[in-house]
Amino acid sequence: MKPWEQWTGRAAVHEVSVALGIVDEVMRIARQNNARRVLSVRLKIGQLSGIQSGCLRFAFDAVKLEHPVLSSAEILISEIPLRYRCVECGRDFDAGGRIAVSCEACGGRDLKVISGEEQHLENVELEIQP
């Protein structure tokens, strides 16, 4: 049984599928660059992305063991705060991780999310074969 197969039917299953996708992309990058090993993987994950950073870290650490070139890689996650822009007054504000229903400044309800939905593979650090 693979380490992540024990989670079937649990909340972490979403993060396992995300981790599998990240591993596939990182392995593609490693092959393309003739990497000896992957040193680190840097991600940007928004608070509103639906991904729990701790679960993703745990899932990545389990899934990476299937790939020797990736097995010692460190995952670094930057959490991006949820921020809004009020269309009525133009003010940007941080909602403190909660879903905002109105602008803190004018009370307007026409809000646009300007950050917090990110799910980006930002950087992959490789050790290249000579």
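The values are calculated or read from the model by the stated rules, or taken from the named source; none is laboratory data. This structure is a prediction, so every number in the text was calculated from the model and none was measured. Counting neighbours? That spans all protein chains shown, and the Cβs are built from the backbone with ideal geometry, glycine included.
A few points about this structure:
- Residues being among the acidic types (Asp, Glu) and in contact (Cβ under 8 Å) with a residue 60 or more places away in the chain - total across the stretch 50-100: 1
- Candidate set: the stretch 26-54, residues that are among the basic types (Lys, Arg) and loosely packed, with under 15 Cβ neighbours inside 10 Å; chosen: the one nearest to the chain's Cα centre (by Cα): ARG28
Listed here are the residues, each with its yes/no results for (1) more than 20 Å from VAL26 (Cβ to Cβ); (2) at pLDDT 95 or above.
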residue	(1), (2)
LEU43	no, yes
GLY50	yes, no
HIS67	no, yes
ALA73	no, yes
VAL87	yes, yes
ARG91	yes, yes
ASP94	yes, no
VAL101	yes, no
GLU104	yes, no
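- Qualifying residue in the stretch 12-30 (condition: in a loop (DSSP other than H, G, I, E, B) and at pLDDT below 95): yes
- Hits in the stretch 45-60 (condition: closer than 16 Å to LEU121 by Cα and touching a strand residue (DSSP E or B) at 6+ places or on another chain (Cβ under 8 Å)): ILE45, GLY46, GLN47, SER49, ILE51, SER53, LEU56, ARG57, PHE60
- Residues in the stretch 101-130 that are touching a residue at least 40 places away in the same chain (Cβ under 8 Å) and within 18 Å of the chain's Cα centre (by Cα): VAL113, SER115, GLY116, GLU117, GLU118, GLN119, HIS120, LEU121, GLU122, ASN123, VAL124, GLU125.
- Scanning the stretch 55-96 for residues that are closer than 17 Å to ARG42 by Cα, of a type in the set (Val, Ile, Thr) and either over 14 Å from the mean Cα position of the chain (by Cα) or surrounded by fewer than 16 Cβ atoms within 10 Å (Cβ to Cβ) (or both) turns up VAL63, VAL69.
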